[in-house]
1. Placing unit charges on C-beta atoms (Lys and Arg positive, Asp and Glu negative, everything else neutral), compute the dipole magnitude of the stretch 63-162 about its Cα centre in debye, rounded to 20.
2. In Å and on Cα atoms, what radius of gyration and Dmax does the stretch 95-140 show?
3. Any idea what Rg and Dmax come out to for the stretch 231-336 if you just take the C-alpha atoms, in Å?
4. Take the Cα gyration tensor of the stretch 525-674, multiply each eigenvalue by 5, square-root it, and list the three semi-axes largest first, rounded to whole angstrom.
5. Where a Cα-Cα gap under 20 Å defines reach, which aspartates and glutamates qualify for Lys787, not counting those fewer than 8 residues away within the same chain?
6. Under a 1.4 angstrom probe, counting protein chains only, how are Lys424, Lys787 ranked by accessible area, largest first?
7. What is the chain's relative contact order, in percent, from Cα pairs under 8 angstrom and six or more apart in sequence?
8. Between Ala103 and Ala287, what FRET efficiency follows from the Cβ-Cβ distance if R0 is 22 Å, with the result rounded to 0.05?
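The values are calculated or read from the model by the stated rules, or taken from the named source; none is laboratory data. In this text, all values refer to a predicted model and were calculated from it rather than measured experimentally. Counting neighbours? That spans all protein chains shown, and the Cβs are built from the backbone with ideal geometry, glycine included. These accessible areas exclude ligands, DNA and RNA; they are computed on the full protein's heavy atoms, side chains included. Shrake-Rupley method; radii C 1.70, N 1.55, O 1.52, S 1.80 Å.
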Amino acid sequence: MIVSDTSIRRPVLAIVINVVLILVGVIAYERLSVRLIPNVDTPVVTVATSYPGANAKVIESQITKPIEDVLSGIEGVDFISSVNRAEESQITVTFLLDRDADAAASDVRDRVAQARQFLPEEANEPIVQKQEGDAQPIIYLAFSSDRHSRVEIGDAAERLVKDRVQTIPGVAQAQVYGTRYAMRVWLQPDRLAAFALSPADVEAALRAQNIEIPAGRVESIDREFTVLAQTDLNTAEQFAAVIVREVNAYPVRIGDIARVELGQDQSRFSARFNGRTAVPLGIVKQAVANPLEISDALQKMLPQIEHSLPDGMKVEIAYDSTLFIRASITEVYITIAEAVALVVLVIFFFLRSGRATLIPLVTIPVSLIGAFALMAALGFSINTLTLLALVLAIGLVVDDAIVMLENIYRYIEQGMSPRAAAFKGSSEIAFAIIAMTLTLAAVYAPMAFQTGRTGKLFTEFALTLAGAVLVSGFTALTLSPMMCSRLLRHERKHGAWYRRVEGWLAALDRGYRHALQRVLGWRWAMLGTASAMTAAMLWLFTTLPQELAPQEDQGIVIGFAIAPEGSTLAYTDSYMKQMEAVLQDVPEIQMYFQITGFPVVTQGITFARFVDWSERGRSADEIAGAMFPQFMGLAGVLAFPTTPPPLGQNDFGQPVQFVVQTTGSWEELETTVQAMLAKMRENPGLTNADSDLKLNKPELRIAVDRDKISAVGASVIEVGRTIETLMGGRNVTRFKQGSEQYDVIVQVEDAARRTPGDLRNIHVRGKEGQMVQLANLATVEETVAAKELNHFNKLRSATISAGLAPGYAMGDAIVWMEATLDEVTPEALYDLSGQAREFRASSSSFATLLLLSVIFIYLVLAAQFESFIDPFIILFSVVPAFLGTFVALKLSGGSWNIYSQIGVITLIGLIAKHGILIVEFSNQLRERGESKLHAVAEAAALRLRPILMTTGAMVLGAFPLALASGAGAEARHQIGWVIVGGMSFGTAFTLFLVPVGYLLLSRTRAQSPSSPG
């Protein structure tokens, strides 16, 4: 082999090339960003349109439907969903991952512009906005005080902290979720009526008298003066003094008909941190920013921030997602160290020589650090998946060096000089190393073409691992033979430990030779055994639970509360406080953070952070399970705890999201949904069954009498605007305080709008200036309406959501939901959303991925062996490896998920390496004139030790994954057990199945494309 021979002759060249690889990798490592998972930015574009005064049904028909119609046919759309609420339409267009986000947003803007002509004139302009895939706060700060109001705390956070936090490198946005100051003009309906004034008169006076006009300057010969005309209003007293109109020569001021105060805006939510009133500030990172650097910079800035706050006000970190990222990455680094130590022990056990052990050991840092260069070139990041690839790579990258070392070492032990043995051994084994390296790299090639979010996530994993393997193959062909020629020595006399282990290995060799001779005589029985294993493998696979990914312990639990429709913020908050009492009794909870009114007043959310993983004996799932009956015991709300979704998903809702669609009416859809919910409550595997279709929101329906309105000289629009201003409040203008601007809101006093009867006290002005009571022009009816009306792919839809009980898998839940819907309403349509949609997409693509991986390996091997038969023989060992995998998953309580799927793909390449060693050496022996039976028996026996060494290195290298603990351990368990079970079981049968297959299928006259020597 030219590369190996050159490296042996020119050792400095071999060293320099590998040192350069390390230097480039170190430089690349310094420039790689750190993330929890790879950056997979799903292009999402939203279209938000408001239509004041319209209810959900009007929004659906007059706003959402026309826009959805023009959006159809845009290139690369995955699905379109929409939410229709009172006065608001929000359409979300989710594109396929390969669609350019900017181009997608541009296409949506063009289509929405076409739809504007079909929208009502009174509707506001649609707002088209591109969303970042991970534009969610990674850190929440909680501002609290024992002497300031909520609005004062929020104002301080907005003015003193927000801009400072946004200067941290990598921060895209800082959002203060707090109430702001507002000038509140509280109208009194009886006084308005007494002066024959309407809300429109007040609004017109405010707009006319609260203006800021540049007045120019006064210029003389030598000096000039800037003229400031103070025409704007700034204080409550100034607003109260505004004259609305003269009535009977008396100037009626706003203070005569309203109470004016500097209060807070109409934000309807509240927050608490550890039971104290708080205002949260969320920090959103840039797409490619390093969250750990942002967290570190924020920690350094916090003392300065606290020093700048008013006395009595303090700031604390309420939620920090980087804690899990940091802990998870640290755990993977520890796992890497453990794997390296175990691999070294395996190599030393077989070789029993410090010099020999050093040779494959050098491959590890060269390959892992060299892989960083490839990661930087491809734009990858350091994340849990790429680091997981490096853990697996530890066992893989030493394989080639072990095979090279063992073959050279064998000749040295036979008495050959180290240099001559290096030439002969490297030349003899080089083709097998190239075949093994390319085979393992080829198994990941199909993953580079994966579509879907989950497939793209694991592209970085696959290519990182493939890159490390390619570097290891190069190192095994250059550095390893050179080091063998320089470091290895023939030992004429060995120590007691060496001789004892050699006795064990020699006995193992003899036992294997004897067993192999028996098996080769029973070759058809062995094929029957293989058929039985195939059947067992398929049966075991059907018994494994299926899910998207194992639930990771991220160190937090999220609690949700959903109050009945029509509940007030105070009602919801009273139950949020009861949830706080539950959290206070959980010993593992370190802190908790609550928001009431998120996203609407009838809902609330809680984030509870646990103590460190090492300080608790229960997992997050176990703690959430213990809290579940206590939350469900809150009779006034639907409350339940859950843990964050895996794979960095931002959907904090329940895992099962089943979308029922219809072309019929909402009432028909509700009937189907209620029947589904009734069935779901009978299934113990599903928890917290709920639907977003609720047609029971309390509503006061005002039916205007147009004839009476016309008779008194009023107008329908005046009636509508009066009701809107008095009941809902209107932002009329803005005022300035310091460098900030705040809203001026006109609304009726709270005491005058507490009951439905208060609507009758509203007055409108007639044509003669007289005030007419609304009760004379309209009737008020108490009824119910839809909270929101949703579409999915333009069809009317309702999303039924549920949690999963322990032991009930996502795949089982989806199959059950499909069967139940077919039983309830056979003609109904359905789709999936959230985690369930991701699960279905990943499941459907895996069969294709597996098939492509096998085809790629087969073609690569066929090209290298110049045979279509030899690759088939090599792949004989895949079936027992799969059987071992499924047995290991079954015994360890694992599931069939994206991690175990990736482990299986990896296993194909790993187990094929054993077959390559046996088949390639068998071909060499047959070229020397050996019979087929003798050649395969001798090749298998001679390759037993390198096969056992590489298997031991891979299995023990994967054991730290299988037995991992701490942050993110659940995901590492799955892939660890796949490798441990598959390699152990597969290797044991490979040593017999491949020789049997070779005897049965190999050509009568084999011709290897490589020439020994």
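1. Values: 11 positive and 20 negative charges, 62 e Å.
Taking the Cα centre of the stretch 63-162 as origin, the dipole is about 300 debye.
2. For the stretch 95-140, the Cα radius of gyration and maximum Cα-Cα distance read 14.4, 42 Å.
3. Rg and Dmax of the stretch 231-336, Cα atoms, are 24.7, 88 Å.
4. Over the Cα atoms of the stretch 525-674, the semi-axes work out to 38, 26, 12 Å.
5. Within the straight-line limit of under 20 Å, Lys787 reaches these aspartates and glutamates: Glu60, Glu87, Glu88, Glu565, Asp573, Glu667, Glu668, Glu670, Asp690, Asp692, Glu699, Glu724.
6. Output order, biggest surface exposure first: Lys424, Lys787.
7. 17 percent
8. Values: r = 17 Å, r/R0 = 0.76.
With a Förster radius of 22 Å, E is 0.85.
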